[in-house]
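Here, each number is a calculation from the coordinates, and none is a lab measurement. All values reported here derive from a predicted model rather than from experimental measurement. Backbone-built Cβ (ideal geometry, glycine too); neighbour counts: all protein chains shown.
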Amino acid sequence: MTARPPGLSIAAGVAVVFGLATIAAGGCALFGGADMGAVVPFVLWFNFAAGFACVLAGAGLWRGTRWAPALSIGIAAATAAVFAAFLWQVWQGTAHETRTTAAMTLRLAVWVAIAAVAVRSRRGR
């Protein structure tokens, strides 16, 4: 068995921690009655559901599965699409929290980086 590259181990760990934090935050906002301000519902629901995919992708990256890089790319692409739809809503005048823009920027950057590491490490095998 080949040793897992350190970058892939870090990416897998970040994916799992990021996913668990996303599930917890989204769950509190959706089911815990926390007042989150002017949330955009489709963004909140996407992020909550994506949290589970993030944990799955992280576990797959850790185990070196063939499907984990594709899932990572899918999460990055879906995040980009939801972010674009969110920005469209903002441009249309929908009430929103400014922190959502920052959070989606961070989420997209993290998943583009994880996907890049996953693809690079897959090619290196």
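Below is a table of values for the structure above.
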{"quantity": "Packing-based exposure ordering (other Cβ within 10 Å, fewest first) of SER121, SER9, SER72", "calculated": "SER9, SER121, SER72"}
{"quantity": "Cα convex hull volume per residue for segment 6-123 (Å³)", "calculated": "84"}
{"quantity": "Segment ALA102-ALA85, length gained on full extension (0.36 nm per residue, minus Cα span)", "calculated": "4.6 nm"}
{"quantity": "Angle in degrees between helix 68-91 and the longest Cα principal axis of the chain, rounded to the nearest 10", "calculated": "20"}
{"quantity": "For segment 6-123, with +1 on Lys and Arg beta carbons and -1 on Asp and Glu, the positive-most of ALA29, THR98, PHE86 along the dipole", "calculated": "PHE86"}
{"quantity": "Average Cα contact separation per residue, the chain, under 8 Å, 6 or more apart, as relative contact order %", "calculated": "33"}
{"quantity": "Distance between modelled label sites at LEU44 and ALA116, nm, 7 Å Cα→Cβ extension", "calculated": "3.3"}
{"quantity": "Residue (of THR65, PHE48, ILE10) at the positive-pole extreme of the chain, dipole from beta-carbon charges", "calculated": "THR65"}
{"quantity": "Ranking of CYS28, CYS54 by count of other Cβ atoms within 10 Å, fewest first", "calculated": "CYS28, CYS54"}
